[in-house]
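As structure tokens, the structure follows; a few thoughts come after it.
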Amino acid sequence: MSLQRGYNWRLGDSALARAQKPPMVVTAQSPDGSNVRIMARGNFSLDAGGLISLLLALAVVTLGLAGLLAWRGYWPVLLIAVVQIVLVVWILARAWERTWVAEQIVVGPERIEITHQRHKRKRQCELETAWAVVELKQPQIAWYGPRVVLRSRRRMTELGQFLTPEERKQLVEYLRKAIAQHSAMQGAIKV
């Protein structure tokens, strides 16, 4: 059993360990100060090594039990176990790929470049910085989280769909600060 950093095996999951969760929204500024890069990523708790370990453990246990039953004469169980493992590996691998999501937003003096990546698929969008406005729209249904919408002139895009409501508010704060430096609507933006 491997212990994660911050986990105290005597005390369980401490508040200190929960507080050290890596941020899902981070920001960085270029050395000359002209561009601000904001990276938002999904809460990705299982990396590729963890997925492989999980699948190997599942395969060892399933094939071990099926091998014992096959040795006692119930050989069809081994075939069913192999089919089950192949199906579970396929399902977990597809689910793992779908949860890998990140958005990179680069706010420059003239344009905002947004790259939304979900596993291997990338979608890119460009908006004009001078007319950009960030909105945190409240949901029409009470239990949904607020939506982050970035619009410039007639174009708009929704950001951070995979983030928690608190992380979306943090994303809005970072975007507003970055856009305020280059906006043509200085009085219209509340930072």
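Give the calculated FRET efficiency between Trp90 and Arg153 to the nearest 0.05, with a Förster radius of 35 Å applied to their Cβ-Cβ distance. Could the numbers behind the result be given before it?
On the way: r = 44 Å, r/R0 = 1.27.
It comes out at approximately 0.20.
Would segment 48-98 count as rounded, prolate or oblate if I go by the C-alpha gyration tensor, calling it rounded below 1.5 in a/c and otherwise prolate when a/b exceeds b/c, oblate otherwise? All intermediate terms of the calculation are to be shown ahead of the outcome.
On the way: a/c = 6.23, a/b = 2.18, b/c = 2.86.
The shape class here is oblate.
At 7 Å along the Cα-to-beta-carbon direction for both Asp32 and Leu58, put a label point, then send me their distance in nm to one decimal.
Going from the Asp32 label point to the Leu58 one covers 5.0 nm.
Between Arg98 and Glu126, what FRET efficiency comes out of the Förster formula 1/(1 + (r/R0)^6) with R0 = 25 Å and r the beta carbon distance, rounded to 0.05?
It comes out at approximately 0.45.
Which FRET efficiency value, to the nearest 0.05, is calculated for Asn43 and His119 with the Förster distance at 22 angstrom and r the Cβ-Cβ distance?
0.90
Taking 0.36 nm per residue of separation and subtracting the Cα-Cα distance, what length does fully extending Arg111 through Gln161 add?
15.8 nm
Any read-out appearing in this document is the output of simple, stated calculations on the displayed coordinates, not a laboratory observation. Note that this is a predicted model, so its numbers are computed, not measured. Ideal geometry is used to build each Cβ from the backbone, glycine not excepted, and the neighbour counts take in all protein chains shown.
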